[in-house]
Amino acid sequence: MDPATPTFASQLLAQANNEGPAVYFEDQTISYRDFVSQAKAVAAYINQRVDRSKPPHIGVLLENTPDYLLWIAGAAFARAVIVGINPTRRGAELERDLGHTDCQFVVTDHAQADLLPRSAELLCVDDADYATVFDDFLGVELSVQPQATDPLLLLFTSGSTSAPKAVVCSTGRLAAAGIRCIDIFGMRPDDVAYCPMPLFHGNALMACWSPALAVGAPVALRRKFSASGFLADIRRYDCSFFTYVGRSIAYVLAQPPTEHDRDNRLRLGFGTEASLRDRELFMERFDCPLLENYGSSESVITLNRTDETPAESLGVAIESPTSDIIVANPATGDECPPAVFDEHGALVNGNESIGELVNRAGLGSFEGYYNNTEATQDRLRNGWYWSGDLAYRDADGYIYFAGRSSDWLRVDSENFAAAPVENILQRLDDAVMIAVYPVPDVRTGDQVMAAIEYRDGYRFDPDEFATFLGQQPDLGTKWAPKFVRLASAIPLTANNKVNKQPLRAEAWDCTDPVYWRPDRELVYRLLTDDDRAALAAEMATNGITRTI
């Protein structure tokens, strides 16, 4: 194995004699020495069980447990592939995922086995004899040498905008992701990396476990994210670093403050989609900065934050032979002009400055989507990688996130994106979570709808909300929500990202209270059943249909 091209297997072998902790989980502590030994036994078992005339793919449907990590490590040694199964999938969709990725069998437990189709071949980690399955393989030496290009993981995209796609991640790419993160995070062997994000997602694997393994630091696993358990875990395992995705930080901040908020070793959190306000509040409360990042399982577009990066920005594009990142007009492919802001910081040329994040150098290290040539080709149009994410850049080259491609709104002939509106609504003191999305105008184009999840006990006052909007100097003239849904719980994907698809589908026909402003004035009142009927009648008259 060429040491100049590290693989996940070579990084595991480098820790084979390390007596220090590799994994903390509940009351267990597993040393690196024991972990690598057990992983080799899993590899030997895989080599005996899989049919090499077929893709050596193994599904894993587990919470964040040591068994999950052991199966990934074993697959790295055995040149097999782990398919991370999303537990929120059900029925025919889940059966499709298994068939699409050619899983030969699924490692799971009895709590989740009922989710799987009857035809699936299962290995349950909580069976009485599971502990003895690998006894005959302990100490077996492995003769196969993994290569950096060997696929190791199939990671499903969230599926919030389309059917989930299985991202191929090679053992070399996973190792390289961890190595890159070491410098970014200042990761050291005495760190303890807290991993509450799901292990079927790239954040937990590439930004948490992989850099910890590369320096020989332990990871502390949480079965699934718990806002109420966050601080207790940090203190229990003496964690210094953690990763997050989506709205996790908002839920942590919604927990009551305690005298122990700063009584811990936390020094850094790394993730995506925490609002600027939540990052500031987290720092104020826990004395721990959050490093916000733009990233995806495909790892094609990387942005770097510098000391000069504005707080709202994702950073600047990295220039390299595999990175030529621009914001492009999706219709023409032309590079969008820089954003222009008024004296209040409001974006005034969103019509022309907002476009799609594109890497003109192509796919980079991304290996494509498994068994889905059409999706890969759709991403790679004209030799460029199109991310599906909207952005704009300022005159200094700093890039700002503007939402997914489905977050475009066209109100009164003006185009703009949802993310800048969400950023403004995040300033609401009692809001836990915000989602802004387009709903149909009864005549043409879109209207702005906002779903707001408030803290428990908060009573919405429509006049106070209107006053708040009127006080925001950077709120665009067409940006004020037409409809405001007081969401009991904004839907999330399994990765804690907001899932706007059901919100768009329901629009104002939902069980949550909805306020609206019938005309252009910032005057909101409760939407009634008569209002809904009138809206439906007007849409029918104008031939408007509601689509997701």
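Can you tell me which residue within the range 3-19, out of those that are farther than 16 Å from PRO211 by Cβ and in contact (Cβ under 8 Å) with a residue 40 or more places away in the chain, is surrounded by the most Cβ atoms within 10 Å (Cβ to Cβ)?
Only one residue fits best here, namely ALA9.
Just checking, how many residues over the range 2-42 are closer than 24 Å to LYS224 by Cβ and of a type in the set (Asp, Glu)?
The total comes to 2.
Being more than 30 Å from LEU153 (Cβ to Cβ), crowded, with 23+ Cβ neighbours inside 10 Å, hydrophobic (A, V, I, L, M, F, W, C) and in contact with a helix residue (DSSP H, G or I) (Cβ under 8 Å, 6 or more places away or on another chain): is that true of ALA402 here?
Criteria not met by ALA402.
Return yes or no: is ALA402 in contact with a Lys or Arg (Cβ under 6 Å, 6 or more places away or on another chain) and at pLDDT below 90?
Spelling it out, it is not the case that ALA402 is in contact with a Lys or Arg (Cβ under 6 Å, 6 or more places away or on another chain) and at pLDDT below 90.
When the range 444-474 is examined, which residues are found to be outside any loop (DSSP other than H, G, I, E, B) and of a type in the set (A, V, I, L, M, F, W, C)?
VAL448, MET449, ALA450, ALA451, ILE452, PHE465, ALA466, PHE468, LEU469
Which residues, taken from the range 344-361, are surrounded by fewer than 16 Cβ atoms within 10 Å (Cβ to Cβ) and either touching a residue at least 24 places away in the same chain (Cβ under 8 Å) or in contact with a Phe, Trp or Tyr (Cβ under 7 Å, 6 or more places away or on another chain) (or both)?
Residues satisfying the conditions are HIS344, GLY345, VAL348, ASN351, ARG360.
Which residues, counting only those in the range 76-95, are farther than 30 Å from THR7 by Cα and either in a loop (DSSP other than H, G, I, E, B) or not charged (D, E, K, R) (or both)?
THR88, ARG89, ARG90, GLY91, ALA92, LEU94
In the range 84-102, how many residues are modelled with pLDDT under 90 and among the hydrophobic types (A, V, I, L, M, F, W, C)?
Of the residues in that region, 2 qualify.
Restrict the check to the range 22-39 and report whether at least one residue is over 13 Å from LEU213 (Cα atoms), part of a loop (DSSP other than H, G, I, E, B) and either polar (S, T, N, Q) or touching a strand residue (DSSP E or B) at 6+ places or on another chain (Cβ under 9 Å) (or both).
The answer is yes; a qualifying residue exists.
Hey, can you tell me all the residues within the range 382-439 that are of a type in the set (A, V, I, L, M, F, W, C), within 26 Å of VAL300 (Cβ to Cβ), assigned to a strand (DSSP E or B) and free of Cβ contacts under 8 Å to residues at least 60 places away in the same chain?
TRP384, TRP386, LEU390, ALA402, TRP408 - these are the residues of the range 382-439 that are of a type in the set (A, V, I, L, M, F, W, C), within 26 Å of VAL300 (Cβ to Cβ), assigned to a strand (DSSP E or B) and free of Cβ contacts under 8 Å to residues at least 60 places away in the same chain.
Restricting to the range 210-249, name every residue that is of a type in the set (Gly, Ala, Ser) and over 19 Å from GLY295 (Cβ atoms).
Once the filter is applied, which keeps residues that are of a type in the set (Gly, Ala, Ser) and over 19 Å from GLY295 (Cβ atoms), the range 210-249 yields GLY216, ALA217, ALA220, SER226, ALA227, SER228, GLY229, ALA232, SER240.
Give the range 312-336 a look and list any residue that's over 16 Å from ARG379 (Cβ atoms) and of a type in the set (A, V, I, L, M, F, W, C), or say none.
If the condition is that a residue be over 16 Å from ARG379 (Cβ atoms) and of a type in the set (A, V, I, L, M, F, W, C), then LEU314, VAL316, ALA317, ILE318, VAL327, ALA331, CYS336 are the ones that fit.
Could you list, in sequence order, the residues of the range 352-375 that are of a type in the set (S, T, N, Q) and at pLDDT 85 or above?
Hits for the range 352-375 are SER353, ASN359, ASN371, ASN372, THR373.
Which one of these is crowded, with 23+ Cβ neighbours inside 10 Å, at pLDDT below 95 and in the same structural domain as GLN28 (by TED's automatic domain parsing): ALA220, ALA250, ALA212?
Result of the check over ALA220, ALA250, ALA212: ALA250.
Of the residues ASP190, ASP129, ASP183, only one is closer than 24 Å to THR5 by Cβ, assigned by TED's automatic domain parsing to the domain that holds ILE249, acidic (Asp, Glu) and out of contact with any Lys or Arg (no Cβ under 8 Å at 6 or more places or on another chain); which?
ASP183
Does the range 493-521 hold any residues that are among the aliphatic types (A, V, I, L, M) and either within 30 Å of TYR244 (Cα to Cα) or modelled with pLDDT under 95 (or both), and which are they?
Correct list: ALA494, VAL498, LEU503, ALA505, ALA507.
Got a number for residues in the range 142-158 being under 16 Å from HIS201 (Cα atoms) and over 20 Å from the mean Cα position of the chain (by Cα)?
1
Which residues, counting only those in the range 471-491, are surrounded by 20 or more Cβ atoms within 10 Å (Cβ to Cβ) and either aliphatic (A, V, I, L, M) or not assigned by TED's automatic domain parsing to the domain that holds PRO438 (or both)?
Correct list: ALA480, VAL484, ALA487, ILE490.
Do you know which of the residues in the range 236-265 that are within 14 Å of PRO196 (Cβ to Cβ) and basic (Lys, Arg) is farthest from the chain's Cα centre (by Cα)?
Here the answer is ARG236.
With (1) surrounded by fewer than 20 Cβ atoms within 10 Å (Cβ to Cβ); (2) in the same structural domain as ALA339 (by TED's automatic domain parsing); (3) among the charged types (D, E, K, R) as the list, and ARG393 as the residue in question, which single condition is left unmet?
(1)
Step by step: first the residues of the range 295-311, then only those that are under 30 Å from PHE200 (Cβ atoms) and at pLDDT 80 or above, then the one that is surrounded by the fewest Cβ atoms within 10 Å (Cβ to Cβ). Which residue is that?
If we take residues in the range 295-311 being under 30 Å from PHE200 (Cβ atoms) and at pLDDT 80 or above, then ASN304 is surrounded by the fewest Cβ atoms within 10 Å (Cβ to Cβ).
Using beta carbons and a limit of 9 Å, which pairs, at least six apart or on different chains, have the first residue in the range 450-465 and under 14 Å from ARG427 (Cα atoms) and the second one among the polar types (S, T, N, Q)?
As it stands, the answer is GLU453/SER488, since those pairs meet every condition given.
Got at least one residue in the range 435-444 being in the same structural domain as CYS510 (by TED's automatic domain parsing), loosely packed, with under 15 Cβ neighbours inside 10 Å and under 16 Å from ARG485 (Cα atoms)?
The answer is no, given that none of the residues of the range 435-444 is in the same structural domain as CYS510 (by TED's automatic domain parsing), loosely packed, with under 15 Cβ neighbours inside 10 Å and under 16 Å from ARG485 (Cα atoms).
The values are calculated or read from the model by the stated rules, or taken from the named source; none is laboratory data. On a predicted model such as this, the values are computed, not experimentally measured, just so you know. Neighbour counts are summed over all protein chains in view; Cβ atoms, including those assigned to glycine, are modelled from backbone coordinates with ideal geometry.
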